[in-house]
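Colleague: Below is a structure I'd like to ask you about.
Quick note: the coordinates plus some simple rules give every number you see, no bench work behind them. Note that the coordinates shown come from a computational prediction; the quantities given were computed from them, not determined experimentally. Every residue, glycine among them, receives a Cβ derived from its backbone with ideal geometry; neighbour counts consider all protein chains shown.
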Amino acid sequence: MDKRLSGVWTSQSTKYILIMVLTSILWSSGGILIKLVNVGPMAVSGLRSIIAAAIIFIYVKKPKFTWSLYQILGAVAYASMAITFVAATRLTTSANAVLLQYTAPIYVAILGSYILRERVALKDWITISVTLIGVVLFFLDSFSLGGLMGNILAIASGFCFALFIVCSRQQKEGSPMETILLGNIVTAVVSMPFVINTNYDMTSIVGIASLGIIQFGIPYVLYGIAIKHISALDAVMIAAIEPILNPIWVLIFWGEKPGAWAILGGIIVLAAVTYNCIQSTAKKLPM
């Protein structure tokens, strides 16, 4: 059954779309906050997840772990997404890692059709294509053909991101928060050797704490709220503004200017995501 049913413009649908937009804005804070950190990426990933897990636990209060297939699969996908992305940034350029991770909308469209029965219309595929073109243009100047293993890991990270979103959405009748909590716990456990064997200065501690709260903790609580009410495809499309906003904050706070292709790509992505949001607010999804 098609779950993207036509309906009237509703304040409810707008509310959850805006929550997801806010989530992506907070996710994009990583670009400026990471510049405060002077330790390895695995240590950052582990501590960030510990802080995020604490925030989510406080919000949930009494987590209900059902240990269902999608709860476990979603948690593993979340942890795999975080770890493979960190590994990818070590083996290829950051631009490659981000660009290839954001092939995720393609995987969400395919997985969502089969697992969630959320039909993907032709105009959705067009919007996905336009968004991906924008992302490619955005990172065109810094994209490299080198780092094959890093590129493969970045693609794997994108698939894991898509799988995490689909598994979260599949739990819309329950609570996807526990999946996010489990994912952060798994990430923290895997990263623990790096966390323990790293020396931290005060600036790095402040930066990591900020990442855990602003980039991960609060936005993943918001994501857990929004994903119950918007489609998986809408969620991943809105998330595409995160890599575009990231360097904008860096420009504002650190003065690093993007190139002409990046500006053009950013405009295309923001236009495509805005169009998708407008279309989505006229959809009525099961609450």
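Colleague: At a 10 Å Cβ-Cβ cut-off, how would you order Cys167, Cys277, fewest neighbours first?
Modeller: Values: Cys167 28, Cys277 20.
By the 10 Å Cβ count, ascending: Cys277, Cys167.
Colleague: Moving to a separate point now. In debye, nearest 20: dipole of the chain around its Cα centre with unit charges on the Cβ of K, R (+) and D, E (-)? Working shown, then result.
Modeller: On the way: 18 positive and 10 negative charges, 145 e Å.
Value, rounded to 20: 700 debye.
Colleague: If you take all C-alpha pairs in the chain, what percent of them are over 27 Å apart? Show your work: numbers first, answer last.
Modeller: Numbers: 14852 of 41041 pairs.
Cα-Cα pairs of the chain separated by over 27 Å account for 36 percent.
Colleague: For a Förster distance of 51 Å, can you work out the FRET efficiency between the beta-carbons of Thr274 and Met192, rounded to the nearest 0.05? Intermediate results must be reported in sequence, preceding the final value.
Modeller: Working: r = 41 Å, r/R0 = 0.80.
Working from the Cβ atoms, E equals 0.80.
Colleague: Something else now. Per 0.36 nm of contour for each residue apart, how much would the distance between Ser113 and Ala209 grow if the chain were fully extended, relative to their Cα-Cα spacing?
Modeller: Full extension of this stretch gives 30.8 nm more.
Colleague: Starting with the highest mean, order 99-109, 201-211 by the number of other Cβ atoms within 10 Å, averaged over the residues of each peptide. Don't jump to the answer; show the numbers that get you there.
Modeller: Details: 99-109: 23.6, 201-211: 16.5.
Descending packing order for the listed peptides: 99-109, 201-211.
Colleague: List the equivalent ellipsoid semi-axes of segment 173-287 in whole Å, largest first, each obtained as the square root of 5λ for an eigenvalue λ of the Cα gyration tensor.
Modeller: Equivalent ellipsoid semi-axes, largest first: 29, 25, 10 Å.
Colleague: Pick out which of Leu26, Leu69, Leu132 has the largest mean-square fluctuation in a Gaussian network model of the chain, springs linking Cα atoms closer than 10 Å.
Modeller: Its mean-square fluctuation being the largest, the pick is Leu69.
Colleague: Next question. Which of Thr274, Thr131, Thr198 moves most in a GNM of the chain, Cα contacts under 10 Å?
Modeller: Thr198
Colleague: Related question: Sticking with the crude label model, points 7 Å out along Cα→Cβ, report the distance from Trp261 to Ala121 in nm, one decimal please.
Modeller: Roughly 3.4 nm, to one decimal.
Colleague: How many Lys pairs in segment 148-284 lie less than 25 angstrom apart by Cα atoms, where the lysines are 8 or more positions apart or on different chains? Provide the component values of the computation, followed by the final result.
Modeller: Details: Lys172/Lys228; Lys172/Lys283; Lys172/Lys284; Lys228/Lys283; Lys228/Lys284.
For segment 148-284, qualifying lysine pairs total 5.
Colleague: Could you tell me the calculated FRET efficiency between Leu251 and Ser94, based on Cβ-Cβ distance and R0 = 22 angstrom, to the nearest 0.05? Walk me through the numbers before you get to the answer.
Modeller: Working: r = 16 Å, r/R0 = 0.71.
About 0.90, to the nearest 0.05.
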